[in-house]
Structures are given as C-alpha cells and as structure tokens.
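For reference, the structure discussed in these notes is given below.
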Amino acid sequence: MPRINVRTLASIYRNVSTIHKLNELKPTSAIIVTGYIPIEAIRFSINLKCKTSGNIALHFNPRLDRGYVVRNSKFKGCWDVEETCSPAGSRGYVFRRNSFFHLTIFCTINEFQIAIDGEHFCAFAYRMPLEEIVGIEFNDDVEEPKVRQTNISMYPDPQICKPTRILELLDDKPLDSNLELPIVVDLPKGFGIGAKLLMKGRLKLLPHSFYINLQKGKMIYPHPAIALHLNPRYHYGNQPSCLVMNCWNNGKWDREERHDGQTWCPGREFLLTIRCEYEGYVIWLNDRMIGEFKHRLQPSVIDTIRITGDLVVYEMLVSYS
C-alpha cells in the first residue's frame, strides 16, 4: 500500500536501531511485524536478538538494491553461513519501496517459517535455542515498525495468511501458468506405482537451495508426512554442492541420503523426471539418472507436491501407467 512520501528522521538518519522486547518464544509462537519501506530504501534488517550480547538467532535482511534476501545468524559476534534467495511473489518482488509490509515469523519445533504479506516465503532452521531470544531489532531503511506476539496452531494460519494458492495437476494435462513459487499442487489421483512427474524449469543464477516434496496434505505446520524430499543444495558452508534426499515420518526426518557432484547448472534450463517404481523413486535430470530413493513410506499417502526455493518453474506434467 503506497503512501505520500515524507522523509522522516528514520529515513534521514540510517542505521538507527529500534528494539522491541519479546515474551518467551516456544513452538507455535508467532511474531507479527508491520512496517513501512521508504521510497529511497536500499536495505533493512530484522534481527531476533538473544540474551547473550552479540548473538542473533535470525538475521532477516532484504536488500532492495540487489533484489534478494539474506538470512543468517550471529554467534559471539561472528556471522555464520548466509542463506540467500531472489524472491518473487504473485505481484513481483516481495518487498517494494514506498509501501507497507506484513511479516509473520512462526516458530515450529526446529525452524522459523516466514510469511510476507500473507504468503509463505521461506524457512530458516534454528541455530540457537528459542528460549535464548529476548527481543526483535529493526535496522536501516524501515519505518514505523510494529510488533505483536500470538500463538497459532497451524501454518499458514488462514486468520493471518492468505489461503494457500493450490493448483491441480491432472493426468496428461500440463500446468504452465501461475507457477510462481512456492507452488502447492494437488494430485487428485495421487502418486502411486507407475506415476511419473516431469518438470521443466531453470535454476536461478545464485542458488542456495530448493526442494520438491511429495507429501500428504497442504499444511507446513503441523508437519506433513513426506514420502520424498528432494533437496539440491549449493554453497552449504564448506560442504560441496550436493543432492539430499530424505523423508519425514513420525514427527522427524529420517536418515538422509546425500549425492555429491551437482549437475544442475545455475542459470540453465532443465527437465526433471521423478518416476515412482515398485522399489522406490528414480530421479532423472535431462538425460541422466541422478538418484534413486527406496520407499520408506507407502507412495499411496502422497496427494500433494510442494516446491520452493531458488528456481523458476515453466511447466509440470504428471502421467500414470
């Protein structure tokens, strides 16, 4: 929502911090933030500060001049490994100058879930205990920040967030529009033995990671059962780029399988194929098989595809045999 631009003291004197105290956080806690981004804004940050001086549990840093968002943490005054993405929502870049924003930080058991203007945006795994967090700090080009705390039982919460945009993928009827990430796709016929998913897309130029979940249900929290979690990772600390595969069952991640040597090239288009066979899933990238993942959950539980991260999706197609 734009407003008449008035240069306030906050926009003239940058690097002025505003700190709000927080009540103790726990799983199901939600921090609701609103603020205004001035027309000359370059970047701003929102920090969840800890009891110990110099520790930041979550550093959320939109950089409007570069069109991406950085997430990080700071321990004993030293920054950890950055996570970055170049986000675009249903109306373009999610942070716009000369407008207000609405941000939700939801606490699960093991990570923050973050929604911008009512749309789920990203997650950030905990690097410090929730109980260490005591305040929220605003820096740089953000004005009129307001904070409130609440508790919610599901995420995205329809009372706070927009209804999840759910697409439907039918047999041999491709999806080629409205594919802005995150994507939630309903599979009316499931994804049982003989099912095949084809996805055309392009990896972004500076990727951190993305994932594709074959899961049961549309919610993020409570955590859905995930029969296949396909997660290419790039520049993950000092580790080489790799493909991680796993499943979520009985309230936790199972043993992950890691394949080094990425074949996804930043900026390049690709064709991904996931085929459900009797023993497990077979994954192909273009004309090369890049992995297999044996069934740990019955594929009959799958009714949803969820995709998010640093890629652009052009087209999706599912077929059954």
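Would you mind classifying the stretch 143-225 by shape? Square roots of the alpha carbon gyration tensor eigenvalues, ordered a ≥ b ≥ c; an a/c under 1.5 is rounded, otherwise it is prolate if a/b is larger than b/c and oblate if not. Since a/c reaches 1.5 and a/b is larger than b/c, the shape of the stretch 143-225 is classed as prolate.
Under unit Cβ charges (Lys, Arg +1; Asp, Glu -1), what dipole magnitude, rounded to 20 debye, does the chain have relative to its Cα centre?
On the way: 39 positive and 35 negative charges, 114 e Å.
Dipole of the chain, to the nearest 20 debye: 540 debye.
What separates the Cα centres of the stretch 101-122 and the stretch 268-321 is a distance of 27 Å. Near the amide H of Glu111, within less than 5 Å, lie the amide hydrogens of Tyr126, all on another chain or at least 5 residues away, with H placed in the peptide plane.
Remark: the Cα gyration tensor places the chain in the prolate category, a/c being 1.5 or greater and a/b exceeding b/c. Tell me, what is the percent relative contact order of the chain, built from C-alpha pairs under 8 Å that lie six or more residues apart? Here the relative contact order equals 20 percent.
When both the stretch 143-169 and the stretch 184-244 are represented by their alpha-carbon centers, they are found 22 Å apart.
Roughly what % of DSSP beta bridges within the stretch 166-319 run antiparallel, to the nearest 5?
Values: 56 of 60 bridges.
DSSP beta bridges in the stretch 166-319 are roughly 95 percent antiparallel.
Within a Cβ distance under 11 Å of Glu131, other residues only, what is the Lys/Arg minus Asp/Glu net charge? Mind showing how you got there, number by number?
Values: positive: Lys26, Lys51; negative: Glu24, Glu132.
Cβ neighbours under 11 Å give a net charge of 0.
For Ile19 and Lys173, a Förster radius of 51 Å and the Cβ-Cβ distance give a FRET efficiency of 0.45, rounded to the nearest 0.05.
Once the dipole of the stretch 149-303 is set up with Lys and Arg at +1 and Asp and Glu at -1 on Cβ about the Cα centre, which of Phe270, Tyr281, Tyr155 lies farthest towards its positive end? Most positive-ward Cα: Tyr155.
Using a/c under 1.5 as the rounded threshold, could you call the stretch 184-255 rounded, prolate or oblate? The axes a ≥ b ≥ c are square roots of the C-alpha gyration tensor eigenvalues, and prolate needs a/b larger than b/c, oblate otherwise. Walk me through the numbers before you get to the answer.
Numbers: a/c = 2.02, a/b = 1.37, b/c = 1.48.
Note, shape of the stretch 184-255 comes out oblate.
Using the 2.2 N^0.38 Å rule of thumb for compact globular proteins, work out how the stretch 122-169 stacks up: its C-alpha Rg over that value, please. Walk me through the numbers before you get to the answer.
Values: Rg = 15.4 Å, N = 48, 2.2 N^0.38 = 9.6 Å.
The reported ratio for this selection is 1.61.
With the Cα gyration tensor of the stretch 21-123 in hand, give its eigenvalues times 5 under a square root as the equivalent ellipsoid semi-axes, listed largest first in whole angstrom.
Working: eigenvalues 102, 54, 34 Å².
Over the Cα atoms of the stretch 21-123, the semi-axes work out to 23, 17, 13 Å.
Since every read-out is calculated from the coordinates, none of them should be taken as a lab result. Just so it is clear, the model here is predicted, and its values are computed rather than measured. All Cβ positions, glycine included, derive from the backbone under ideal geometry; neighbour counts span all protein chains shown.
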